[in-house]
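Step one of this worksheet: look at the structure below.
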Amino acid sequence: MMKTLSTTEQANRASYKIDTKSSLEICKIINDEDKKIPFAVEKSLKDVAALIDDVVLAFNAGGRLIYIGAGTSGRLGVLDASECPPTYGVSPSMVQGIIAGGERALTRSVEAAEDDGNAGIEALKKIGFSGKDVLVGITASGEAAFVMDAMQYASELGSSVGAISCNEDSRVFAYARHKIYLSVGPEIVTGSTRMKAGTAQKLVLNMITTASMIRIGKVYNNYMVDLRPTNKKLIRRSKRLIAEIAQCSEEDAERAYAQCHNNIRAGILIAMFNISYEEAILLLESSSGNLHRAIDLYHRTTTNTDSEIRKRYPQKG
């Protein structure tokens, strides 16, 4: 008796005879299937949120978020990790992506690499992975030994481990505290998990890093106030953020930006309250970097409601 095929390996009835269709008909078939992806992700939101809570705990304790995957899944993890430093001003080590086959696998297929479980463990050891870090295994099929063995190793270290897979009976779930099942169904082209499975994984990875960064104060309201102004576009965006949040003129935003040493949160406080860079930094440090708390702290010092705060800021009053 043949083993039942996993969901990611099954044929999709909706795309049967797709090779006889016109370009527009093919696009419509793909689009109809893609519409199902957000609903599949929606079913997993509680599991995603629980994982995010553990990531936030890890970040606050000096730990890291590590993604590990093979093929498309691995590339998506590396992509999500690589965009955290410019977006949120964090160290590249804080969120990292590991892919089976190494950097070469980012641009070309290294299919056999996913079968080497020991390589997954060695990749974690190479970056000094420890129990205070969080590991998220990403695998559409849930069968990659490179991912499974790494997850088992991380679990044995006492790490919080998550798994993202598109097969309900995925083997990786056996090693995960957080089991994120994305029921996207069979692919348009049988087994091509770079399509629906990859899109669903990307949506979840976006949630994990975005929500985690929001929770640790990297976002004010819905502004990314810790971006790194590393090019002209980002410099312009930084000045615009200062002007919009501080409700000041472009000229005042320019002056604040010139004083803030590329620390946009400090620049906002400088423009908002006409204070020095040093005091802006002190406010942020006293507020765990949270801009809402820093603004509230400043207002409390000016209303004479807390003598201890006034001692910390003797120039107020």
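The values are calculated or read from the model by the stated rules, or taken from the named source; none is laboratory data. The structure displayed is predicted, hence computed values, not measured ones. Neighbour counts are summed over all protein chains in view; Cβ atoms, including those assigned to glycine, are modelled from backbone coordinates with ideal geometry.
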Conditions (1) over 29 Å from GLN10 (Cβ atoms); (2) among the β-branched types (Val, Ile, Thr); (3) buried (at least 18 other Cβ atoms within 10 Å of the Cβ); number of the one not met by VAL136: (1)
Count of residues meeting criterion [outside any loop (DSSP other than H, G, I, E, B) and more than 12 Å from SER6 (Cβ to Cβ)] in the range 132-171: 22
Quick check: is even one residue across the range 122-131 part of a helix (DSSP H, G or I), more than 19 Å from the chain's Cα centre (by Cα), assigned by TED's automatic domain parsing to the domain that holds ALA70 and polar (S, T, N, Q)? no
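Here is a yes/no grid of residues against (1) touching a Phe, Trp or Tyr at 6+ places or on another chain (Cβ under 8 Å); (2) modelled with pLDDT of 95 or more:
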position: LEU205; (1), (2): yes, yes
position: THR210; (1), (2): no, yes
position: ILE214; (1), (2): no, no
position: ASN221; (1), (2): no, no
position: THR230; (1), (2): no, no
position: ARG240; (1), (2): no, yes
position: ILE245; (1), (2): yes, yes
position: ASP252; (1), (2): no, yes
Check on ARG194, in contact with a Ser or Thr (Cβ under 9 Å, 6 or more places away or on another chain) and touching a residue at least 60 places away in the same chain (Cβ under 8 Å): yes
For a quick check of your reading of the model, give me the residue pairs whose first member lies in the range 106-132 and is closer than 18 Å to ALA81 by Cβ, whose second is among the hydrophobic types (A, V, I, L, M, F, W, C) and in a helix (DSSP H, G or I), with beta-carbon atoms closer than 6 Å and at least 6 apart or on different chains. GLY120/PHE146; GLY120/ALA150; LEU124/ALA150
Among the residues of the range 75-88, how many are within 13 Å of the chain's Cα centre (by Cα) and either outside any helix (DSSP H, G or I) or under 25 Å from GLU111 (Cα atoms) (or both)? 8
Filtering the range 182-212 down to residues that are assigned to a loop (DSSP other than H, G, I, E, B), among the charged types (D, E, K, R) and surrounded by fewer than 22 Cβ atoms within 10 Å (Cβ to Cβ) yields ARG194
Some residue of the range 1-20 being touching a Cys at 6+ places or on another chain (Cβ under 9 Å) and either free of Cβ contacts under 8 Å to residues at least 12 places away in the same chain or of a type in the set (Val, Ile, Thr) (or both): yes
Only one residue in GLY117, GLY137, GLY102, GLY89 is more than 28 Å from MET195 (Cα to Cα) and not hydrophobic (A, V, I, L, M, F, W, C). Which one? GLY89
Complete set of residues in the range 79-118 that are crowded, with 19+ Cβ neighbours inside 10 Å and at pLDDT 95 or above: ASP80, ALA81, CYS84, MET94, VAL95, GLN96, GLY97, ILE98, ILE99
